[in-house]
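Trainee: Mind looking over this structure? Questions follow.
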Amino acid sequence: MSAWIWVLIPLVAIIGGYIIDFQKNKLKWQNQTSSNEAELEELRAMMSKMKQRIENLEAIAAHDSESFREAGDLHTIELDPEEQEEQMKKENEQSIANKAKLKGK
């Protein structure tokens, strides 16, 4: 009988150590899960806000549908990169000149 006690003591200690480690890891997983759930809820709230903003933008665009259709028709716009670059330069120069005039007053 005493021989079994010497075998059971180390087994109980080893099994107890595994149980304690398991409980510690379980707590870590629960903390990670709760932080992941909080982050997920935050992302869901952000997505909801973004959907509302998109709906608002669509409503604004739909309010003046004729100008929206004309501006959005890519088939009528010629896509010449050099011409667009020159036009953008001129618009930027004009914008800078207007801002300089306003500051000079």
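Every read-out reported here was derived from the displayed coordinates using simple, explicitly stated rules and does not represent laboratory data. Just so we're clear, the structure is a prediction, and the values are computed from it rather than from any experiment. Positions of Cβ are backbone-derived with ideal geometry, glycine not excepted, and every protein chain shown enters the neighbour counts.
Trainee: Lysines near residue 89 by alpha-carbon distance under 23 Å, same-chain residues fewer than 8 away left out - which ones?
Mentor: 99, 101, 103
Trainee: To continue, here is another question. Summing +1 for each Lys or Arg and -1 for each Asp or Glu, what net charge is found among the other residues whose Cβ lies under 13 Å from the Cβ of residue 33?
Mentor: It works out to a net charge of -1.
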